[in-house]
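Contents: one structure, followed by commentary.
The values are calculated or read from the model by the stated rules, or taken from the named source; none is laboratory data. As the structure is a prediction and not an experimental result, all values here were calculated from the model. All Cβ positions, even for glycine, are placed from backbone atoms using ideal geometry, and neighbour counts span all protein chains on display.
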Amino acid sequence: MCGICGAVSLEGPRVVDREALLGMVRQLFHRGPDEQGILRAPGVGLGHARLSIIDLAGGRQPMSNEDGAVWVVFNGEIYNYKELMPLLEEKGHVFRTRSDTEVLVHLWEEEGPEMVSRLNGQFAFAVWDRRRGSLFLARDPVGIRPLYFSFHGGWFLFGSEIKSLLAWPGFPRELDRRALKEVFTFWAPAPGRSAFEGVRALPPGHRALLEGGKLREERWYEPSFEGRESRGKVSTEELALRLREHLLRASKLRLRADVPVGAYLSGGLDSSVIVATVTRFFRETRLSTFSIRFSETYYDEGSFQKELARRLGTDHHEVVCRNSEIAAVFPDVVEHTECPVLRTAPAPMFLLSRLVRSSGYKVVLTGEGADEMLGGYDIFREAKVRAFWARDPSSEARPRLLTRLYPWMTERSPARRLGFAKAFFGKGLDRPGDPWFSHLPRWESGARLMRLLSPSSLEAAASHDPRRELEPFLPRGFDRWGWLARAQALEVLTILSGYI
């Protein structure tokens, strides 16, 4: 990952203070320890902290076109940059590097804001066009790469992390109480919001153009989770074959790097499939895999991880995670998340990332996102049981199906088990057509955490309805989809980009 930041004057071509800009960049050193760069021009300042992955010598940023009229700062990777380069060269563009960043420079010259529809990758970037006096921002379809912005004191500020904005002289540091209510509901702020007052996040799949002092945001990508009826007469076998082909193609593209690439191996289905897929591309070297072990045997999946690593022939590394270590690094997790964190699950991942970095790796493949796309989470099966239960809410037999999903429920007496099922999972059974049906138990339970806030914070968020904040981001046709498609869309909108 890299870090990007910048400032654009809203009051004429003022010169950006050098120390103020460097202060923003310093807050991003952990994202880009390899090298840092800045641009200061009339009315604009751009900063970059680089983690070099492609074209190690030539990919320095900020990067410009031939005459310095277009400048780019970029965090992420454009996987199809090798395919885009010759197309741009045919149109007369001359490349000085072999980096994916320069593809963005020339693609902007050629297509302007429409350039994003040509990109296959994970990204957050900014393009300064001197001739137009405009700044263009864009974020990848599912929000893998973060991007925040704010208007403050006659400046438009942006950065990969909120820390870079807080480093700007005089920038206010005030929690957004409405965002806290969203975090306690969705586990993350709603799309477009951050945990800080006055700081917005560019939502996933969105772009924004700052021109003439005005910012215009719009969605450029819209996910779809169409139901079974949309596939026509295509068989399950044919769909499985297509998925395999997509996975092979996507995995091979993601191995494009000028540094070694490793992979996470949790022992679960998602990461195991990824590792099994990419090992075929490692003929001269062994793929390095990385796993988390747990000192408590109840949580530990080390035996599965080792067996998979042995069968697939990977060079396996592991870190053993203890409760004391989770507690020790949890403050660091919150600091980097820049938002309240309701679960400890990110802490072991933080420790695993340390292992990856200390092993000399900058890039790893993961199975993140597969559960949302393919319905792998318990919440999807839970919603199926609840939809069945909703047809006969008085039934005492139907809620027993939940014990197959959550065996720990059997530790309670039958009466207490049924009482818990009705109190928690029974939320919304009287309205199975509710667009939020699948998530009502989680959302309404989490919202009870608001009781921990001070009276003033409660008052500030009292009239705020987090679910209303999701409505502008719902895909077209959402109200016509079945419960599974809706549940998938809600997971992508909330958890995938805001939490994971």
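Which residues, taken from segment 346-374, are touching a residue at least 12 places away in the same chain (Cβ under 8 Å) and over 30 Å from residue 323 (Cα atoms)?
Passing the criteria: only 373.
I need a count of the residues in segment 171-216 that are among the aliphatic types (A, V, I, L, M), touching a residue at least 60 places away in the same chain (Cβ under 8 Å) and part of a loop (DSSP other than H, G, I, E, B).
4
Is one or more of the residues making up segment 91-101 modelled with pLDDT of 95 or more, within 28 Å of residue 168 (Cβ to Cβ) and either surrounded by 15 or more Cβ atoms within 10 Å (Cβ to Cβ) or over 28 Å from the mean Cα position of the chain (by Cα) (or both)?
Yes, segment 91-101 contains at least one residue that is modelled with pLDDT of 95 or more, within 28 Å of residue 168 (Cβ to Cβ) and either surrounded by 15 or more Cβ atoms within 10 Å (Cβ to Cβ) or over 28 Å from the mean Cα position of the chain (by Cα) (or both).
Taking the condition of being outside any helix (DSSP H, G or I), under 19 Å from residue 380 (Cβ atoms) and either aliphatic (A, V, I, L, M) or in contact with a Leu (Cβ under 7 Å, 6 or more places away or on another chain) (or both), how many residues in segment 441-500 meet it?
Of the residues in segment 441-500, 2 are outside any helix (DSSP H, G or I), under 19 Å from residue 380 (Cβ atoms) and either aliphatic (A, V, I, L, M) or in contact with a Leu (Cβ under 7 Å, 6 or more places away or on another chain) (or both).
Please determine, by comparing only the residues of segment 156-165 that are outside any helix (DSSP H, G or I) and under 13 Å from residue 45 (Cβ atoms), which one is farthest from the chain's Cα centre (by Cα).
156
Which members of segment 1-15 meet the condition of being touching a strand residue (DSSP E or B) at 6+ places or on another chain (Cβ under 8 Å) and in contact (Cβ under 8 Å) with a residue 40 or more places away in the chain?
Answer for segment 1-15, where residues must be touching a strand residue (DSSP E or B) at 6+ places or on another chain (Cβ under 8 Å) and in contact (Cβ under 8 Å) with a residue 40 or more places away in the chain: 1, 2, 3, 4, 5, 6, 7, 8, 9, 10.
Can you find, within segment 95-131, the residue that is nearest to residue 4 (Cα to Cα) among those that are assigned to a strand (DSSP E or B) and aromatic (Phe, Trp, Tyr)?
125
Given the conditions (1) out of contact with any His (no Cβ under 7 Å at 6 or more places or on another chain); (2) buried (at least 18 other Cβ atoms within 10 Å of the Cβ); (3) touching a residue at least 40 places away in the same chain (Cβ under 8 Å), which single one is not true for residue 490?
(1)
A quick yes/no check of all residues on (1) within 30 Å of residue 260 (Cα to Cα); (2) out of contact with any His (no Cβ under 9 Å at 6 or more places or on another chain):
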position: 27; (1), (2): yes, yes
position: 47; (1), (2): yes, yes
position: 85; (1), (2): yes, no
position: 90; (1), (2): no, yes
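Being surrounded by 14 or more Cβ atoms within 10 Å (Cβ to Cβ) and modelled with pLDDT of 90 or more is true for just one of 458, 470, 449. Which residue is that?
The unique qualifying residue is 470.
Could you list all residues from segment 302-352 that are crowded, with 16+ Cβ neighbours inside 10 Å, polar (S, T, N, Q) and part of a helix (DSSP H, G or I)?
Selection gives 305, 337.
Those residues that are in a strand (DSSP E or B) and hydrophobic (A, V, I, L, M, F, W, C), I need them from segment 246-265; list them, please.
Within segment 246-265, 261, 263 qualify.
Output the number of the condition that residue 168 fails; it satisfies all remaining conditions of (1) in a loop (DSSP other than H, G, I, E, B); (2) touching a Gly at 6+ places or on another chain (Cβ under 7 Å).
(2)
Which is touching a Pro at 6+ places or on another chain (Cβ under 7 Å), in contact (Cβ under 8 Å) with a residue 24 or more places away in the chain and hydroxyl-bearing (Ser, Thr, Tyr), of 117, 99, 160, 134?
160
Between a residue in segment 298-321 that is acidic (Asp, Glu) and any residue that is part of a loop (DSSP other than H, G, I, E, B) and surrounded by fewer than 18 Cβ atoms within 10 Å (Cβ to Cβ), which pairs come within a Cβ distance under 9 Å, given they are 6 or more apart or on different chains?
301/268; 315/285; 315/286
Looking at segment 228-241, is at least one residue outside any helix (DSSP H, G or I) and over 24 Å from residue 488 (Cβ atoms)?
no
Mind checking which residues of segment 1-26 are more than 26 Å from the chain's Cα centre (by Cα) and at pLDDT below 95?
Hits for segment 1-26 are 11, 12, 13, 14, 15.
Check residue 117 against each of (1) surrounded by fewer than 22 Cβ atoms within 10 Å (Cβ to Cβ); (2) not assigned by TED's automatic domain parsing to the domain that holds residue 17 and name the one condition it does not meet.
(2)
Need the failing condition index for residue 111 against (1) surrounded by fewer than 19 Cβ atoms within 10 Å (Cβ to Cβ); (2) within 16 Å of residue 202 (Cβ to Cβ), just the number.
Among (1) surrounded by fewer than 19 Cβ atoms within 10 Å (Cβ to Cβ); (2) within 16 Å of residue 202 (Cβ to Cβ), residue 111 violates only (2).
Out of (1) under 30 Å from residue 205 (Cβ atoms); (2) small (Gly, Ala, Ser); (3) surrounded by 14 or more Cβ atoms within 10 Å (Cβ to Cβ), what's the single condition that is false for residue 421?
Condition (1) is where residue 421 drops out.
Would you mind finding the one in 223, 203 that is surrounded by 15 or more Cβ atoms within 10 Å (Cβ to Cβ) and either β-branched (Val, Ile, Thr) or modelled with pLDDT under 95 (or both)?
Exactly one of 223, 203 is surrounded by 15 or more Cβ atoms within 10 Å (Cβ to Cβ) and either β-branched (Val, Ile, Thr) or modelled with pLDDT under 95 (or both), namely 223.
Sort through 23, 32 and tell me the only one that's of a type in the set (Gly, Ala, Ser) and touching a Gly at 6+ places or on another chain (Cβ under 7 Å).
32
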